[in-house]
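See below for the structure under consideration.
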Amino acid sequence: MDTNRAYISMGSNIDSHANFSMAIKLLREYCEVLAISSYRTTKPIGITEQPDFLNGVVYISTSFDMDAVARHLKSIEDTMGRDRTLPKYGPRNIDLDVVIWNDDVVDNDYHTRVFIRDAVEEINGVKG
């Protein structure tokens, strides 16, 4: 069975540290967590009248394909009570997305959000 590797971005501005811990715990039940970046605080995009976000990246290894992993990430968000009725750039307890799959960038946020690139580079040891 092939092993796939992926970088998963995490974002939260509601009880962020607790939600990151829970998301990582749930990820570990599904795949191997190889590395976790340090967390970065960022200003909200779009809707600015809300708390700052905490962001990070988790590097995983899995035998599942990308579609299955993406579905699982949405399942984790649902399990954690993510409210999908809120505006796209509104507050959220957890947001999980595949940004790199087997060395291919699959989410344009990687190119537009420096904090995601910095977290991936940190995991890769590019930065000290």
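Summary of computed values
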read-out: Extended-chain gain in nm, criterion 0.36 nm per residue less alpha-carbon gap, A68 and E121; value: 16.5 nm
read-out: Positive dipole terminus of region 4-124, leading residue within F53, V120, Y7 (C-beta point charges); value: F53
read-out: Share of pairwise Cα separations in region 4-124, more than 23 Å, in percent; value: 23
read-out: Sequence of V98, V33, V114 once ranked by neighbouring C-beta atoms within 10 Å, starting from the fewest; value: V114, V33, V98
read-out: Label-point gap, in nm, between D52 and R84 - each point 7 angstrom along Cα→Cβ; value: 3.1
read-out: Protection-proxy order for peptides 11-18, 35-42, each taking the mean of Cβ atoms within 10 Å per residue, highest first; value: 11-18, 35-42
read-out: Per-residue [θ]222 nm for the chain (sum of -39500 (n - 2.57) over DSSP H runs n ≥ 4, rounded to 500); value: -10000 deg cm²/dmol
read-out: Nitroxide proxy distance, nm - points 7 Å out along Cα→Cβ at D15 and E32; value: 3.2
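Just so you know, all these numbers are worked out from the coordinates, no wet-lab data involved. Keep in mind that this is a model prediction, so the values were computed, not measured. Note that each Cβ is placed from the backbone with ideal geometry, even for glycine, and that neighbours are counted across all protein chains shown.
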